[in-house]
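Nothing in this text is a laboratory measurement; each read-out follows from the coordinates by a stated rule. Keep in mind it's a predicted model, so treat the numbers as computed, not measured. Glycine gets a Cβ as well: all are built from the backbone with ideal geometry, and neighbour counts include every protein chain shown.
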Amino acid sequence: MAEPGFSTHRPAQLRRFGRVFYPAGGRLQKALAAYISEEEGRPDQLVILEHDPVFTLGRNATPADIHVSDTFLASQGVSVHRTDRGGEVTYHGPGQIVAYPICNLRGGREDVGRLVRGLEEAMIRTAGDFGIAADRLKGAPGIWVETPRGLEKLGAIGLHLSRWITTHGIAFNVRPNLAHFQWITPCGFTDKGVCSLASLLGEAEAPTWEAAADRLQAHLAECLALDLQPARAPSRSVSALTWRRGSAGPEILMMLRRPEHGFWWQSVTGMMEPGETPEETAHRELKEETGLTGILRPLGLSHSFWVDPAIVRFPDPEPRFNTETCFSMEVAPEAAVCLEPSEHTEFKWCSLDQAHALMKWEGSKAALGLLRAALAP
């Protein structure tokens with residue numbers, strides 16, 4: 001067998017996030033791929049993150065690979081996305097490490113097979129660090145474990161290649177909800193299962209997502225010959241989904257951003273200033289944008305995304321990212337909104353469904369879903 005991975009080292013920036021909504025992950029990859037392809041010598045990118053619950057359809061997938069209805073999936077909080085990677089259908093969700101090696105293979109590394117072997121080797125070594133013997137299976141990319149139930153997949157691979165720039169990557173199961181895999185034909189296999197470190201070792205003995213990600217990150221750097229460098233830290237912001245108790249139910253405050261600031265509807269958001277806590281930022285932004293005060297409650301959601309330079313101008317071409325912490329903010333039903341005109345041109349109070357229809361971004365919609373659940377009788 002050929003040696004796994006690459007031997008010629010290249011610099012690579014490490015970008016490690018927590019939760020990234022799947023469409024935001026696509027925009028993130030596209031921005032980083034464009035960045036490294038535009039000019040020779042720019043470092044490769046290694047992105048490590050965790051996605052929301054999604055089924056992704058690769059180029060060889062069909063809708064029949066999903067065995068349950070769209071209505072059922074929506075009720076379970078699972079979305080479906082078509083993607084340009086190879087392969088069939090797979091699942092991403094909390095408890096799974098997703099790693100995107102966005103690499104420029106030009107200049108002597110034009111060997112996708114070597115890249116695949118390197119990715120598999122990194123996952124095999126990570127499994128071994130926790131006492132699991134995983135291996136390759138001919139004709140079935142990824143890594144597999146022999147269990148009492150038969151062969152089960154522990155880590156999956158799906159890549160896209162354009163002009164020798166790679167996107168997409170691997171998914172390594174630490175402790176995802178394995179029941180979700182039963183709703184699909186994972187990677188096209190009907191005679192093999194899916195496992196995780198937690199299913200193999202037991203919940204108590206399995207590592208945390210962070211501990212497993214540390215090991216996988218180290219092995220990816222070694223197997224792909226990446227000299228990891230720090231990258232610019234994400235900026236930080238908050239969203240404060242502002243609402244009041246109306247006669248017909250909860251009402252969400254939605255404001256229209258000025259055209260030069262994006263021209264979309266949103267509730268209260270803002271950037272954290274040095275020395276502020278997220279809670280302090282939320283109260284300050286509410287007061288500055290609306291003149292209101294309110295009762296702040298955490299929604300238990302933080303997510304990261306690429307910042308579009310068409311909206312926010314930067315002094316250099318390196319892609320920028322932001323991490324947002326989400327809250328809800330209850331205000332008095334009779335309180336009057338005093339809109340800050342430099343940021344927003346108009347506002348309206350909306351039902352939960354009306355607010356959802358107006359929202360542009362995945363994070364806002366997810367925050368609204370969490371507030372809806374919290375307010376349910």
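Among DSSP beta bridges lying fully in the stretch 230-361, give the percent that are antiparallel, nearest 5.
In the stretch 230-361, DSSP labels about 75 percent of beta bridges as antiparallel.
Give the calculated FRET efficiency between residue 356 and residue 164 to the nearest 0.05, with a Förster radius of 41 Å applied to their Cβ-Cβ distance.
0.50
Note the full-extension length gain between residue 345 and residue 7 as 0.36 nm times their separation in residues minus their Cα-Cα distance, in nm to one decimal.
Between residue 345 and residue 7, full extension yields 116.1 nm more.
How many percent of the alpha carbon pairs in the stretch 10-230 exceed a separation of 21 Å?
52 percent
Got a sec to turn the phi values of the stretch 24-41 into Karplus ³J(HN,Hα) couplings, 6.51 cos²θ - 1.76 cosθ + 1.60 with θ = phi - 60°, whole Hz, x for Gly and Pro?
Per residue, the Karplus-derived 3J(HN,Hα) values read 5, x, x, 5, 4, 5, 4, 5, 5, 5, 5, 4, 7, 8, 6, 8, 5, x Hz.
Residue by residue through the stretch 83-99, what is 3J(HN,Hα) from phi via Karplus (6.51 cos²θ - 1.76 cosθ + 1.60, θ = phi - 60°)? Round to whole Hz and write x for glycine and proline.
For the stretch 83-99, the Karplus-derived couplings read 9, 8, 6, x, x, 9, 9, 9, 10, 10, x, x, x, 10, 8, 10, 10 Hz, x marking Gly and Pro.
Once each part is reduced to its C-alpha centroid, what is the distance from the stretch 10-31 to the stretch 269-322 in angstrom?
The stretch 10-31 and the stretch 269-322 have Cα centres separated by 19 Å.
Taking the DSSP beta bridges in the chain as the whole, what percent of them are antiparallel, to the nearest 5?
The antiparallel proportion sits near 65 percent.
Would you mind working out the magnitude of the charge dipole of the chain relative to its Cα centre, with +1 at each Lys and Arg C-beta and -1 at each Asp and Glu C-beta, to the nearest 20 Debye?
The calculated dipole for the chain is roughly 580 debye.
For the pair residue 320/residue 225, report the inter-label distance in nm, with labels modelled 7 Å from Cα in the Cβ direction.
It works out to 3.6 nm between the two label points.
Which of rounded, prolate or oblate describes the stretch 146-238 when judged by the alpha-carbon gyration tensor and an a/c cut-off of 1.5?
prolate
For residue 264 and residue 81, FRET efficiency with R0 = 30 Å and r from the beta-carbon atoms, rounded to 0.05?
Between residue 81 and residue 264 the formula returns 0.90.
What's the local net charge at residue 232, with K and R +1, D and E -1, over the other residues with C-beta under 13 Å away?
+2
Per the Kirkwood formula on distinct C-alpha pairs, the Rh of the stretch 235-375 is how many angstrom?
Computed over the stretch 235-375, the radius equals 15.4 Å.
Could you please report the charge total around residue 95, scoring K, R as +1 and D, E as -1 over all other residues with beta-carbon less than 13 angstrom from its beta-carbon?
So the surrounding residues net to -2.
Pick from 347, 263, 72: which residue has the top mean-square fluctuation in a GNM of the chain where Cα pairs under 10 Å get a spring?
72
If you take every DSSP beta bridge fully contained in the stretch 10-230, what fraction is antiparallel? Give it as a percent rounded to 5.
Among the beta bridges of the stretch 10-230, antiparallel pairing accounts for roughly 60 percent.
Cα extents of the chain along the three principal axes, largest first, in whole Å?
72, 48, 37
From the backbone phi of the stretch 42-55, what are the Karplus-calculated ³J(HN,Hα) couplings (6.51 cos²θ - 1.76 cosθ + 1.60, θ = phi - 60°) in whole Hz, Gly and Pro given as x?
With the stated coefficients, the stretch 42-55 comes to 6, x, 4, 10, 10, 10, 10, 7, 9, 9, 6, x, 8, 9 Hz.
Just to confirm the number: angle between the C-alpha axis of helix 278-290 and the first principal axis of the chain, 0 to 90 degrees, nearest 10?
The angle comes out near 40 degrees.
First obtain the Kirkwood hydrodynamic radius of the stretch 23-148 from its Cα pairs, then insert it into the Stokes-Einstein equation at 10 °C and 1.306 mPa s, and state the resulting D in µm² per second as a whole number.
D, rounded to a whole number, is 94 µm²/s.
Can you give the net charge of the other residues whose Cβ lies under 15 Å from the Cβ of residue 143, counting K and R as +1 and D and E as -1?
Result for the local shell: +1.
Whose amide H sits under 5 Å from the amide H of residue 89, counting only residues 5 or more places off or on another chain, with H placed in the peptide plane?
When sequence neighbours closer than 5 places are left aside, the close amide H contacts are 58, 187, 188.
Given an 8 Å cut-off on Cα distances and at least 6 residues of separation, report the relative contact order of the stretch 10-230 as a percent.
Reported as a whole number, the value is 25 percent.
Are any of the pairs 30/153; 287/348; 30/360; 30/192 more than 24 Å apart by Cα-Cα distance, and if so, which?
Check vs 24 Å cut-off fails for 30/153; 30/192.
Using a 10 Å Cβ count of at most 13 others and DSSP loop calls, identify the longest part of the chain lacking such trypsin sites (Lys or Arg not before Pro).
It works out to 233-312.
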